[in-house]
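Structure record follows, encoded as structure tokens.
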Amino acid sequence: IGTLISLFALGTTVRAQFYIVFPVLFLVAAISGFLASNLLPEHALQFPWQRGLRIAWIFTLAMIGFGGVVFTLSLIWHFPTVLNLTRVIEPGFFGGLAFFAIQALYLPNFAVAALSFIAGSGVVIGDGSWLNPFVHRIDEIPAVPLLGGLPVNSYPPLIIGAVFIVFTGVIAAQYGVTTYLDKEEQKRFFLSSAGFIFALNLIVARAASGELLSDNLSSVGAQWWLMPIMVTAEFAVGILIWVLIPKFKQSIKDARSAA
């Protein structure tokens, strides 16, 4: 059904790549059906890499959710710009319904882009553009109302949002130290968690970036190659903070006792 719908959606400027519709929909439906069918084996989480994968999966979802909250707040803040972009398009009643549906499907992409923005890796809206808390390099934005939520210039204090990513690393470190008493197992847990965070964010960032409606916007979304690097680095900073705090406290105690 999805393939048939994509065949009727062909046009001169906007078109669906009908030959990849079936494999993508089949893959999503198969995975969703398998998870919902309760056929997934119940395996106990024993090894550090297993717990690392679970932690990375949970925190990646939490990061994307936080990005969605940030983008929603930005839309509210820039609501006049969103209204102006909507008036420019004037899609009519039925066109408005279709346009609303398209933008609703874009929301997960914008949540990932917001996460990339607050992480410092930024987003791109066409070739040569780059937006992050420190850089605002873009000439114009397409007439897509959701893009009205983009910041109008650079604002370095927005990097404070990266504290959330650092905080997830702190929580992961606390969980690892509590679960594993052996230092080697703790180290394996930390490394596997960071590795899975990198892999998952790389997959998510690449899947949420691409072409927006036309060839003129061949690169839109998160800075997919830089986002996993920044997120993993900030996650690792959180782990280091939690691991080094006890050592720092102990060094202070030793210095006092020596004095």
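The values are calculated or read from the model by the stated rules, or taken from the named source; none is laboratory data. Model, not experiment: these values are computed from the prediction. Positions of Cβ are generated from backbone atoms using ideal geometry, with glycine treated the same way; all protein chains shown enter the neighbour counts. All accessible areas refer to the heavy atoms of the entire protein, side chains included, with ligands and DNA or RNA removed. Shrake-Rupley method; radii C 1.70, N 1.55, O 1.52, S 1.80 Å.
Residue-by-condition table, conditions (1) open to solvent by 70 Å² or more (accessible area, probe 1.4 Å); (2) aromatic (F, W, Y):
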site	(1), (2)
I171	no, no
T179	no, no
F196	no, yes
L200	no, no
A207	yes, no
> Restricted to the stretch 113-161, and to residues that are among the β-branched types (V, I, T) and either under 21 Å from P228 (Cα atoms) or under 20 Å from the mean Cα position of the chain (by Cα) (or both), which residue is surrounded by the fewest Cβ atoms within 10 Å (Cβ to Cβ)?
Replying inline: I160
> Could you give every pair whose Cβ atoms fall below 8 Å, whose first residue belongs to the stretch 50-63 and is closer than 21 Å to V163 by Cβ, and whose second residue is at pLDDT 90 or above and open to solvent by 50 Å² or more (accessible area, probe 1.4 Å), counting only separations of at least 6 or pairs across chains?
Replying inline: I55/Y175; I55/F196; A56/F196; F59/I171; M63/F164
> Within the stretch 178-203, can you find the residues that are out of contact with any helix residue (DSSP H, G or I) (no Cβ under 6 Å at 6 or more places or on another chain), part of a helix (DSSP H, G or I) and over 18 Å from M63 (Cβ atoms)?
Replying inline: T178, T179, K183, E184, K187, L191
> Among all residue pairs at least 6 apart or on different chains, which show Cβ distances below 6 Å where the first residue, located in the stretch 143-160, is without any contact (Cβ under 8 Å) to a residue 12 or more places away in the chain and the second is part of a helix (DSSP H, G or I) and surrounded by 12 or more Cβ atoms within 10 Å (Cβ to Cβ)?
Replying inline: none
> Assuming L191 fulfils every condition listed in (1) open to solvent by less than 20 Å² (accessible area, probe 1.4 Å); (2) of a type in the set (A, V, I, L, M); (3) more than 19 Å from the chain's Cα centre (by Cα) apart from one, which condition is it?
Replying inline: (1)
>> Tell me whether the stretch 76-96 contains one or more residues that are touching a residue at least 12 places away in the same chain (Cβ under 8 Å), surrounded by fewer than 17 Cβ atoms within 10 Å (Cβ to Cβ) and acidic (D, E).
In response: no
> Among all residue pairs at least 6 apart or on different chains, which show Cβ distances below 6 Å where the first residue, located in the stretch 223-236, is closer than 21 Å to I171 by Cβ and at pLDDT 95 or above and the second is of a type outside the set (V, I, T) and open to solvent by 30 Å² or more (accessible area, probe 1.4 Å)?
Replying inline: P228/F198; P228/L202; T232/F198
>> Take the conditions buried (at least 16 other Cβ atoms within 10 Å of the Cβ) and either at pLDDT 75 or above or part of a loop (DSSP other than H, G, I, E, B) (or both) and apply them to N109. Does it pass?
In response: yes
> When A199 is evaluated against the numbered criteria (1) touching a Gly at 6+ places or on another chain (Cβ under 8 Å); (2) under 20 Å from G52 (Cβ atoms), which criterion, by number, is the only one it fails?
Replying inline: (1)
>> For the stretch 8-31, which positions are modelled with pLDDT under 80 and part of a helix (DSSP H, G or I)?
In response: F8, F18, I31
